[in-house]
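Below is one structure, written out as structure tokens, with a few remarks after it.
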Amino acid sequence: DGNLLIKACKEPCVDRVVDLLFLVAALVNCTIIFFSHVSCWPNRRLLNCEVIDADKIAREVVEPGKPAWKNIVKNFGEDILLPTGDIDRTKLGEIIFSDPQKRRILNRCTHPAIHRAMMWKMLKLFFQGHRFAVLEVPLLFESG
């Protein structure tokens, strides 16, 4: 509940810590409503709070030519590419969902890039003066 977060932010001990540290709330997409509610939460601007969307970052890190894209093509072959050079998500999905080992390979290709991009965004927000960031990580526990 947003009121609990606002109340917690007014506590003196929390306020002192937040002045020194960047507070990150990791959210698990338990339901679509919860996921959407936080993304569109109107009060987040009052707290100078930004949302970092792991799904959006996951799409960005596999754009043609990026290191994660190169690793995926190296491990799965050019057959998974569309004529545009983008990864054919349907084709790749068929491969990884039928073979747990292939899914682990894909995770090794993408997770380091996703984690780096998320950390970079958090760092940039911190240096821009944001006191809070919300991480939307729908597969937080599944992805390890």
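Any read-out appearing in this document is the output of simple, stated calculations on the displayed coordinates, not a laboratory observation. Keep in mind it's a predicted model, so treat the numbers as computed, not measured. Neighbour counts are summed over all protein chains in view; Cβ atoms, including those assigned to glycine, are modelled from backbone coordinates with ideal geometry.
Name the helices (runs of 4 or more DSSP H) wholly within the range 46-133 that hold at least 1 residues that are in contact with a helix residue (DSSP H, G or I) (Cβ under 7 Å, 6 or more places away or on another chain) and basic (K, R)?
By residue number, 89-98, 100-127.
Condition first: surrounded by 16 or more Cβ atoms within 10 Å (Cβ to Cβ) and either within 14 Å of D53 (Cβ to Cβ) or without any contact (Cβ under 8 Å) to a residue 12 or more places away in the chain (or both). Now tell me which residues in the range 99-137 satisfy that.
Passing the criteria: I114, A117, M118, K121, M122, L125, A133, V134, L135, E136, V137.
Starting from the range 58-71, take each residue that is touching a residue at least 40 places away in the same chain (Cβ under 8 Å) and surrounded by 14 or more Cβ atoms within 10 Å (Cβ to Cβ) and list its partners that are assigned to a loop (DSSP other than H, G, I, E, B) and not polar (S, T, N, Q), counting only C-beta distances under 7 angstrom and pairs at least six apart or across chains.
Once the first residue is touching a residue at least 40 places away in the same chain (Cβ under 8 Å) and surrounded by 14 or more Cβ atoms within 10 Å (Cβ to Cβ) and sits in the range 58-71, its partners that are assigned to a loop (DSSP other than H, G, I, E, B) and not polar (S, T, N, Q) give A68/V61; A68/V62.
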